[in-house]
Ligand SMILES: Cc1ncc(COP(=O)(O)O)c(C=O)c1O
């Protein structure tokens, strides 16, 4: 278990330490929820001001061309592509993750029209499962959503499967799937593979093309720091683009939107995956937020994430071990994303007591305390300080206070 002095030495030697200054973080907070909503990058403030006051106010409608608003989905997609091991023309930023899931699942089922099964795990993020279920109902062609526990996944991927759909990092436990191995298993059965990168993009290097992945989606507001409700992204491997049928055939995915033709002809390439008018202010924010990653080596990000997590686990276990906290994340580092979760029966009030003391994480039902570790702005000493606050909250039983029992709408 490291001492605070050792952790301060690690901070002093940290090649990513200077990146913290890129973010507008409150000084009295240890922010361990960047896996849910990333903090505000300073660059976003300047970019939004420029977009609103110059491009919108002065440029008015001419800014669609003059300031490239029309190309923002591809410009932003290109920046995300570098972080997820894709080519720039395989990614666009648009819509929400849920809507992008709909587009990709629908297109995947059309590409495997002789098959009727979508495989996922019971613990996948609910929106992924809800969207797949809703689409199956809409299609009315007898598709089946086959949900299995993680360890039953290999057996569930058989030649009836059209699509395997998984979130790379489990939102509750932080457990990480083996992307290359599962994608290979899906392909061996003749299925397509769709990864949800909500908890991966910006947290560690992702290698979509190296793993031969077909399709992917992810959020802009988590580790990418694009702001609340930021546009999401989607990836379609180049080999599928020409045959990929956009289920949401809106005019921004048309080959010539401004020809105003009555019939729909999809654009060439990834642009066909767009639907309606891009959300320019939100894309401008995400675009500027991504610049925080422009000079960043994601291998360094991963290395620091692992050290942050290992330090936090050992500090919590040694200082809070007598309080019935159980590690919910894999101990084995390659199997872990960039978050650490613990189980406790009183997870909700404990987290409220932590937040009241300036240590912000979140909870997931039924009993998970989640701590997201974003290496661009967290310090090793934050791991010490957060663990000490947790110990104090548990020792003094702060969480028993009535104000920590009331459930808010968003947890
Ligand atoms: C794995 C995963 N997918 C999707 C989403 C959310 O999708 P949306 O942005 O459409 O609400 C989340 C949100 O936390 C998530 O964790």
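Just wondering, is there one or more residues in the range 111-120 that are within 16 Å of the ligand (Cβ to nearest atom) and farther than 26 Å from residue 170 by Cβ? Looking for residues that are within 16 Å of the ligand (Cβ to nearest atom) and farther than 26 Å from residue 170 by Cβ, one finds none in the range 111-120, hence no. The number of residues in the range 121-150 that are part of a loop (DSSP other than H, G, I, E, B), more than 17 Å from residue 172 (Cα to Cα) and in contact (Cβ under 8 Å) with a residue 24 or more places away in the chain comes to 3.
Considering the range 128-149, and only residues there that are within 15 Å of the ligand (Cβ to nearest atom) and surrounded by fewer than 17 Cβ atoms within 10 Å (Cβ to Cβ), the residue that is farthest from residue 181 (Cα to Cα) turns out to be 134.
Of everything listed in (1) in a helix (DSSP H, G or I); (2) free of Cβ contacts under 8 Å to residues at least 40 places away in the same chain, the single unmet condition for residue 80 is (2).
When restricted to residues that are under 30 Å from residue 27 (Cα atoms) and touching a helix residue (DSSP H, G or I) at 6+ places or on another chain (Cβ under 6 Å), the range 49-75 contains 1.
Can we say residue 205 is touching a helix residue (DSSP H, G or I) at 6+ places or on another chain (Cβ under 7 Å), modelled with pLDDT under 95 and either in a loop (DSSP other than H, G, I, E, B) or within 14 Å of the ligand (Cβ to nearest atom) (or both)? Considered against the rule, which asks whether it is touching a helix residue (DSSP H, G or I) at 6+ places or on another chain (Cβ under 7 Å), modelled with pLDDT under 95 and either in a loop (DSSP other than H, G, I, E, B) or within 14 Å of the ligand (Cβ to nearest atom) (or both), residue 205 comes out as no. In the range 223-238, the condition of being surrounded by fewer than 16 Cβ atoms within 10 Å (Cβ to Cβ) and part of a helix (DSSP H, G or I) is met by at least one residue. Taking the criterion of being in contact with a helix residue (DSSP H, G or I) (Cβ under 7 Å, 6 or more places away or on another chain) and in contact (Cβ under 8 Å) with a residue 12 or more places away in the chain, would at least one residue in the range 255-264 satisfy it? The answer is no; no qualifying residue exists. Exactly one residue out of 170, 196 is surrounded by 24 or more Cβ atoms within 10 Å (Cβ to Cβ), within 12 Å of the ligand (Cβ to nearest atom) and farther than 29 Å from residue 268 by Cα: that is 170.
Taken together, the residues in the range 36-46 that are without any contact (Cβ under 8 Å) to a residue 24 or more places away in the chain and either within 16 Å of the ligand (Cβ to nearest atom) or closer than 10 Å to residue 22 by Cα (or both) amount to 1.
Residue 162 meets all of the listed conditions (1) more than 18 Å from the chain's Cα centre (by Cα); (2) without any contact (Cβ under 8 Å) to a residue 40 or more places away in the chain but one, namely (2).
Per-residue answers, yes or no, for (1) assigned to a loop (DSSP other than H, G, I, E, B); (2) in contact (Cβ under 8 Å) with a residue 24 or more places away in the chain; (3) away from the ligand (no atom under 16 Å from the Cβ); (4) surrounded by fewer than 17 Cβ atoms within 10 Å (Cβ to Cβ):
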{"site": "51", "(1), (2), (3), (4)": "no, yes, yes, no"}
{"site": "58", "(1), (2), (3), (4)": "yes, no, yes, yes"}
{"site": "64", "(1), (2), (3), (4)": "no, no, yes, no"}
{"site": "71", "(1), (2), (3), (4)": "no, no, yes, yes"}
{"site": "76", "(1), (2), (3), (4)": "no, yes, no, no"}
{"site": "85", "(1), (2), (3), (4)": "yes, yes, yes, no"}
{"site": "92", "(1), (2), (3), (4)": "no, yes, no, no"}
{"site": "95", "(1), (2), (3), (4)": "yes, yes, no, no"}
{"site": "101", "(1), (2), (3), (4)": "no, yes, no, no"}
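One line per residue, one yes/no per condition, for (1) loosely packed, with under 14 Cβ neighbours inside 10 Å; (2) under 25 Å from residue 198 (Cβ atoms); (3) within 16 Å of the ligand (Cβ to nearest atom); (4) modelled with pLDDT of 95 or more:
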site: 3; (1), (2), (3), (4): yes, no, no, yes
site: 12; (1), (2), (3), (4): yes, no, no, yes
site: 16; (1), (2), (3), (4): no, yes, no, yes
site: 22; (1), (2), (3), (4): no, yes, no, yes
site: 31; (1), (2), (3), (4): no, yes, no, yes
site: 34; (1), (2), (3), (4): no, yes, yes, yes
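Scanning the range 280-288 turns up no residue that is at pLDDT 95 or above and in a loop (DSSP other than H, G, I, E, B). Residues that are in a loop (DSSP other than H, G, I, E, B) and surrounded by fewer than 21 Cβ atoms within 10 Å (Cβ to Cβ) within the range 361-378 comprise 365, 366, 367, listed in sequence order. Among (1) within 22 Å of residue 29 (Cα to Cα); (2) touching a strand residue (DSSP E or B) at 6+ places or on another chain (Cβ under 9 Å); (3) not in a strand (DSSP E or B), where does residue 342 come up short? In the conditions (1) within 22 Å of residue 29 (Cα to Cα); (2) touching a strand residue (DSSP E or B) at 6+ places or on another chain (Cβ under 9 Å); (3) not in a strand (DSSP E or B), residue 342 misses (3) alone.
The values are calculated or read from the model by the stated rules, or taken from the named source; none is laboratory data. This one's a predicted model, so the numbers in the text were calculated from it and none came from an experiment. Counting neighbours? That spans all protein chains shown, and the Cβs are built from the backbone with ideal geometry, glycine included.
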